[in-house]
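Please see the structure below; I have some questions.
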Amino acid sequence: MVTPGGGAEPTASAWAPLRTAVYRNLWLALLAANIGTWMQTVGAQWLLVNQSNASTLVALVQTASLLPVLLLALPAGALADAFDRRHLLISVQLFLVGVAAALALLTAAGRMPPALLLTLTFAFGVGQALTLPAWASVIPELVSREHLRAASALGSISVNLARAVGPAVAGVLIARLGVAPVFALNGVAFLVFAYALLRWRPGDARAVEVPERFTAALRAGGRYVRHSPIVRRLLRRALVFVLPASALWALLPLVASRRLGMNSSGYGLLLAALGVGAIVGGVLLPWIRTRLTANQFLLLAGVLYGATLLVVASVRIVPVVLVALLPAGLAWVVVLANVNAEIQLFLPGWVRARGLAVFQVVQGGGQAVGAFAWGVVADVAGLVAAFAGAGALMLLSAVTSQIWPLPELRGVKRDPATYWPRLQLALQPDPRVGPVLIEVTYTVRPERRADFLTAMELVRGSRQRTGAMRWGLFHEAECRDRYVEVYLVPSWDEHLRQHGGRLTEADQEAEQRVRGIADGEPDVRHMFPAAAGPVTEERTV
């Protein structure tokens, strides 16, 4: 495998995760749910193609389904990190069954105006926003680490196989039976996924000694991403691809009906071409990694997708458009599946769902905002102008892969490490007490000052990612060899979590480097607000 910075590694088979029975069963059930979701999307969009301002309304179907991801993914990630993910997933699927039933019944009764359709589509988006981070964070519990990239690619294959099958089935059903049966089948698909989750019995319950408070968990997740340059770089790469790419998904039904003269079945065929290309991309992704560096295939994928947008803008020949959509589907999977897998591999377990939720915010929010923007451009300037503008922007974003390349992750150690000594306290505080000030004093000889300051930069990042609200390093005026690190943690509970699960082997290496430069062991002190009133007793934590 060629990793982000280049260099070969052994490549797992694209299908290897399916050898694990529990993953295979859930993957198949999720495939059914994904097929239902794409059937629902086609049905909703086709109900609106004959409305006035159809360009904006059709694009708003994408926006309504993806905007909840922008609004709710991070809270959903906090819930998934704090509580039982299986129970959360089951509850959400049953909610989606109810929404699908409402859509089917109201559509069959002829009581589905655009506003209500978009509202219920938004409700579907809420369910998806709650599902995505919980499911993504469950995958590392189902497959081994060496199969994680293949599992991520299989997730994309599931989505895109559904994109190939769902629209085609929906197109036939709409042409023969109408939209209501499509919505009803979507509800059945979610019921299948809920049943598969009910049958799954995790071998080891995920240990959550005391769930984090919701607002504290939200802040901790945001703080981790804010202070992780690698995660920010990966998110930026996803965003600059998704914004122009969203034009194709948002406006394709209008291309089918207005430029190519196709009915709902024809629109399903166009989506199927995208799905087939994406499936091929998922299967070929391990092979691609052995031939190209990540930044090379980012450039190639952006060029392919941009070329597709320009072809759709300029060509009215159906076979040509179908052929052009194949590489676009491939490029979509190659970029987003790879970025998603890199984030899964990098994030430590304690914050994985929240970090993946931020990725979903970037991907889903970028699609939602992009879909609305390109819909407005199409209404004002026309479909051709919208696709031409999106194509030019995609080609520009491909060039940025050489300016903002994917980070080098080889050798980055993400396994948890508990290496801080047990705390010997004279005062035992309540876990809610805060903020807590931690002071660490180092003795460093003058000739080692430069190395010490460089090494402390890595320690600073570790402290801020795992809980510190503020951090500083000071040189004591009374002693030229003494440096004092101070950092502020929101609560005593938050600091105990640093001691008991948030640190990784990479954090340990950073601290060991500092201690190797300093003379002797550092002196550590913990200070609480004077008004907190902790119980006076000696206690080991």
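Using the per-residue mean of other Cβ atoms lying within 10 Å as a proxy for protection, in what order, highest first, do the peptides 345-357, 33-45, 165-177 fall?
Numbers: 345-357: 24.2, 33-45: 26.5, 165-177: 20.9.
Those peptides, ordered most packed to least, come out 33-45, 345-357, 165-177.
OK, next. Based on other C-beta atoms within 10 Å, arrange Met456, Met394 from fewest to most.
Met456, Met394
Is segment 16-402 rounded, prolate or oblate when judged by the Cα gyration tensor, a ≥ b ≥ c being the square roots of its eigenvalues, rounded requiring a/c under 1.5 and prolate requiring a/b larger than b/c?
Oblate is the answer for segment 16-402, as a/c is 1.5 or above yet b/c matches or exceeds a/b.
I've got another one for you. The chain: longest stretch without exposed GluC sites (Glu not before Pro) (DSSP loop, at most 16 other Cβ within 10 Å), sites themselves excluded?
1-208
Give me the net charge for the shell around Pro17: Cβ to Cβ below 14 angstrom, other residues only, Lys and Arg +1, Asp and Glu -1.
Net of charged neighbours comes to +2.
Also: Can you list the residues, at least 5 places off or on another chain, whose amide H is less than 5 Å from the amide H of Thr504, using H built in the peptide plane?
When sequence neighbours closer than 5 places are left aside, the close amide H contacts are Ala417.
Something else: How far is the Cα center of segment 443-459 from the Cα center of segment 466-496, in Å?
Centre-to-centre (Cα) distance: 15 Å.
I need to check one value: relative contact order of the chain, counting alpha carbon pairs closer than 8 Å and at least 6 residues apart, in percent.
21 percent
If you don't mind, there's one more thing I want to ask. Pull out a ≥ b ≥ c, the square roots of the eigenvalues of the alpha-carbon gyration tensor of segment 334-433, then state rounded if a/c is under 1.5, prolate if not and a/b is larger than b/c, and oblate in the remaining case.
Prolate, since a/c reaches 1.5 and a/b exceeds b/c.
Residues of segment 299-339 with the amide nitrogen closer than 15 Å to a label point 7 Å from the Cα of Leu396, along Cα-to-Cβ, please.
What the label zone holds, given the 15 Å backbone N cut-off, is 306.
Hey, if you put +1 on the Cβ of every Lys and Arg and -1 on every Asp and Glu Cβ in the chain, which of Ala450, Ala32, Gly349 ends up farthest toward the positive end of that dipole?
Ala32
Towards the positive end of the charge dipole of the chain, with charges on Cβ (+1 Lys, Arg; -1 Asp, Glu), say which of Ala530, Ile317, Ser65 has the farthest Cα.
Ranked along the dipole, the leading option is Ile317.
Amide H neighbours of Arg482 under 5 Å, at least 5 residues apart or on other chains, H built in the peptide plane: list them.
Val444, Glu476
Where a number appears in this text, it was derived from the coordinates with a stated rule and is not lab data. Remember, it's a predicted structure, so these values are computed and weren't measured experimentally. All Cβ positions, glycine included, derive from the backbone under ideal geometry; neighbour counts span all protein chains shown.
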